[in-house]
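Student: Shown below is the structure under consideration.
The values are calculated or read from the model by the stated rules, or taken from the named source; none is laboratory data. Being a predicted model, the structure only gives us computed values, none of them experimental. Here the Cβ is made from the backbone with ideal geometry for all residues, glycine too, and neighbour counts use every protein chain on show. The protein model used for the area step is the full one, side chains on, heavy atoms only, and it has no ligands, DNA or RNA in it. Shrake-Rupley method; radii C 1.70, N 1.55, O 1.52, S 1.80 Å.
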Amino acid sequence: AQLLGQGMVEASPLQIAMVTATIANGGTSYYPRLVSRLVDNQCNDVRDPADGSFVVPLQPKVRANLVELGLKPEDIEIVRRGMWKVVNEVGGTGRRAAIKGVEVAGKTGTAQFWRASKDETGKETKEKDNRVWFMCFAPYREPKYAIVVMIECSTRAPPASCARPRSPWRLRPA
C-alpha cells in the first residue's frame, strides 16, 4: 500500500508555493506571476496601445477562493496554526527555520521513492531515495512571503527541516 506523501511527487515547487500562499492568506488562491509590474523609463505602468489596459495587471488574478468553495475560515486557521507550531514549538520538525523577530510558519515533508539506477556491472537496480520538502510563509500575522525548498536525492542531503530561508526576510517591499 502506498501512503500519502510516498512515491513520485506530482506537484511542482511552484504549485506547493501556491498552496502555501493560499493557506497563508486565509484561502485565496492566485494565478502565479513572475512579473508584478512593467514600467517605462519614467516609472509609469506600461499600457497596451490597442486598448489602454495595463500590460501587466496591477492586481493578481484570483484562481479560487476556498472560503467561497465551502471551507470555513476557522479550518484554514487550524492549518495555519499547525504550520506555526512546526517552526515555533519545542519538538517541531521545522524549528531550524525559526528567525528571531519574524514569526515563520512551515511544514516539513519527506517523500520516499525508488530511483532506477545501474550498478557497476551495468545491471538495472532500484535504489531507495528521498525527496525532502520545506514550505513556509512569513510573517505569520500578515504574510508577505511563501517559500518552498525541495531537495532531490536527499539520502545524501540534509533533512528538509535544515532548510533555513533567511534572505527573503531581509527584503523590504517597495
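Student: Taking square-rooted eigenvalues a ≥ b ≥ c of the alpha carbon gyration tensor, is region 29-89 rounded, prolate or oblate, where a/c under 1.5 means rounded and, failing that, a/b exceeding b/c means prolate?
Tutor: oblate
Student: For region 50-151, what is the largest minus smallest coordinate of the Cα atoms on each principal axis, given in angstrom and ordered from greatest to least?
Tutor: Cα extents, longest axis first: 63, 52, 31 Å.
Student: Across region 104-120, in residue order, what do the Karplus-derived ³J(HN,Hα) couplings come to in whole Hz, using 6.51 cos²θ - 1.76 cosθ + 1.60 with θ = phi - 60° and x for Gly and Pro?
Tutor: 9, 10, x, 8, 9, x, 9, 10, 8, 7, 9, 9, 6, 8, 10, 7, 5
Student: I've got another one for you. Students sometimes get this wrong: rank 72, 118 by accessible area, probe 1.4 Å, all chains present, largest first.
Tutor: 118, 72
Student: Sticking with this one: If I take every Cα pair under 8 Å that is 6 or more residues apart in region 28-123, average their sequence separation and divide by the length, what percent do I get for the relative contact order?
Tutor: 19
Student: At 7 Å along the Cα-to-beta-carbon direction for both residue 12 and residue 99, put a label point, then send me their distance in nm to one decimal.
Tutor: 2.5
Student: Accessible area per residue of region 15-98 at 1.4 Å probe, in Å²?
Tutor: Per-residue accessible area for region 15-98 comes out at 68 Å².
Student: Subtract the Cα-Cα distance of residue 117 and residue 59 from 0.36 nm times their separation in residues, and report this length gain in nm to one decimal.
Tutor: Working it through step by step, the gained length comes to 16.2 nm.
Student: Quick one: order 121, 108, 20 from most to least accessible surface, probe 1.4 Å.
Tutor: Of 121, 108, 20, the descending order of accessible area is 121, 108, 20.
Student: Take the alpha carbon atoms of region 81-129, find their center, do the same for region 13-46, and report the distance between the two centers in whole angstrom.
Tutor: The two parts, judged by their Cα centres, are 26 Å apart.
Student: Work out, step by step, the length gained on full extension between residue 141 and residue 89: first 0.36 nm times the residue separation, then minus their alpha carbon distance; give nm to one decimal.
Tutor: Here the answer is 17.1 nm.
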